[in-house]
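Just below is one structure, and these are the notes that go with it.
The values are calculated or read from the model by the stated rules, or taken from the named source; none is laboratory data. In this text the structure is predicted, and so the values were computed from the model without any measurement. Note that we place each Cβ from the backbone using ideal geometry, even for glycine, and neighbour counts take in every protein chain shown.
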């Protein structure tokens, strides 16, 4: 049964879209975010004879109303199209090739109404982009051509520069596989979920406490996270980040025993060079493991996307990397070592490299490489991307 909050939110969303469509006669409407991105993605995966080659172009166009007594509204359309012959498994029409999760689709990715009082208060209702912290638990999956957005109500309070309180109610997640995907579980996730975060600055050190109650009404994935994160500077341009969370099953969730999450990072900036090292642990007992189904997963555990679902034995990811600028070019390199949390089984190693630069005006380009060498787990995989993008 749909929750009362969900019914009210969807009714409000329909009214908001109508208001925005007729907005030219009611208030000034301007062009908001405009984003164009072409990408070619090549995938060579052991066990699949033919490689994948995806050539796609994504366009996002946003409209925003003028502010009136603290209120404004926004609407964003998105579309992704295949350029040339489709030679990849797009999750909609199967092919005997590796998956590239960028199907051709068109829809409305955002439609929201907002109220603001300076920097102290922001309340937003409707379909919206949500990215919490480093997107480990809630993100927009911005690497994919179709982003993840949420039918949600969100409130952010910053009474002074040292304190922050965020509260979010999530009614529905619109997934990166597109609104018209034939599998409804791929198109969206039906939620009845709450997120609460409280943060406090102590000088340059920040501590945050959070609770996520992720209730899924359409699949057995419900769970609750309780955690904290601490980050700040150390000596000689050195900074750190520490995080711990505990995940427990709720209602029909798969977790019978709670699982832990740990993350520790160090990084240092020296001139144009930045180096970093870290370790992340997602607990698992062989039957179930710590999961983050609403995260921007591509940003974590390697760009080859071999661990979008945490293995039942859990995952330990240790990484070392560096980044620098060479003239107009930006270079990033990263090495990962993956092991099972339970038993320490070797799951593989991965090399990530990226080279990018601004080209002219709003245009930028990037080449990325992910080389995964699997051991006692996922198979070997090699991925290469070339991107041209512009944003206005």
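Some observations on this one:
- Hey, residue 308 without any contact (Cβ under 8 Å) to a residue 12 or more places away in the chain, in contact with a helix residue (DSSP H, G or I) (Cβ under 7 Å, 6 or more places away or on another chain) and surrounded by fewer than 16 Cβ atoms within 10 Å (Cβ to Cβ) or not: yes
- When the criteria are applied in full, residue 165 fails the requirement of being modelled with pLDDT of 95 or more, touching a strand residue (DSSP E or B) at 6+ places or on another chain (Cβ under 8 Å), within 24 Å of residue 144 (Cα to Cα) and assigned to a strand (DSSP E or B).
- Any chance residue 348 is assigned to a loop (DSSP other than H, G, I, E, B), at positive phi, touching a residue at least 40 places away in the same chain (Cβ under 8 Å) and buried (at least 17 other Cβ atoms within 10 Å of the Cβ): no
- A single member of 62, 126, 79 is touching a strand residue (DSSP E or B) at 6+ places or on another chain (Cβ under 7 Å), assigned to a strand (DSSP E or B), modelled with pLDDT of 95 or more and on the phi > 0 side of the Ramachandran plot, and it is 126.
- Residue within the stretch 176-195 that is surrounded by 15 or more Cβ atoms within 10 Å (Cβ to Cβ) and at positive phi present: yes
- Among the numbered conditions (1) without any contact (Cβ under 8 Å) to a residue 60 or more places away in the chain; (2) in contact with a strand residue (DSSP E or B) (Cβ under 6 Å, 6 or more places away or on another chain); (3) surrounded by 15 or more Cβ atoms within 10 Å (Cβ to Cβ), the only one that residue 48 does not meet is (2).
- Test: residue in the stretch 261-275 that is surrounded by 14 or more Cβ atoms within 10 Å (Cβ to Cβ) and either modelled with pLDDT under 95 or closer than 23 Å to residue 175 by Cβ (or both): yes
- Contact annotation: residue pairs with Cβ atoms under 8 Å, 6 or more positions apart or on different chains, pairing a residue in the stretch 154-167 that is exposed (fewer than 12 other Cβ atoms within 10 Å of the Cβ) with a partner that is assigned to a strand (DSSP E or B) and modelled with pLDDT of 95 or more, are 161/201.
- Put simply, of 53, 20 the only residue that is crowded, with 20+ Cβ neighbours inside 10 Å and either in contact with a strand residue (DSSP E or B) (Cβ under 9 Å, 6 or more places away or on another chain) or at pLDDT 90 or above (or both) is 20.
- Checked against the criteria, residue 365 counts as part of a strand (DSSP E or B) and closer than 26 Å to residue 36 by Cβ.
Yes/no per residue for (1) more than 21 Å from residue 200 (Cβ to Cβ); (2) over 16 Å from the mean Cα position of the chain (by Cα); (3) assigned to a strand (DSSP E or B):
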{"residue": "97", "(1), (2), (3)": "yes, yes, no"}
{"residue": "111", "(1), (2), (3)": "yes, yes, yes"}
{"residue": "133", "(1), (2), (3)": "no, no, no"}
{"residue": "136", "(1), (2), (3)": "no, no, no"}
{"residue": "156", "(1), (2), (3)": "no, yes, yes"}
{"residue": "159", "(1), (2), (3)": "no, yes, yes"}
{"residue": "172", "(1), (2), (3)": "yes, no, yes"}
{"residue": "181", "(1), (2), (3)": "yes, yes, no"}
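- Summed over the stretch 189-221, the residues that are over 19 Å from the mean Cα position of the chain (by Cα) and in a loop (DSSP other than H, G, I, E, B) give a count of 6.
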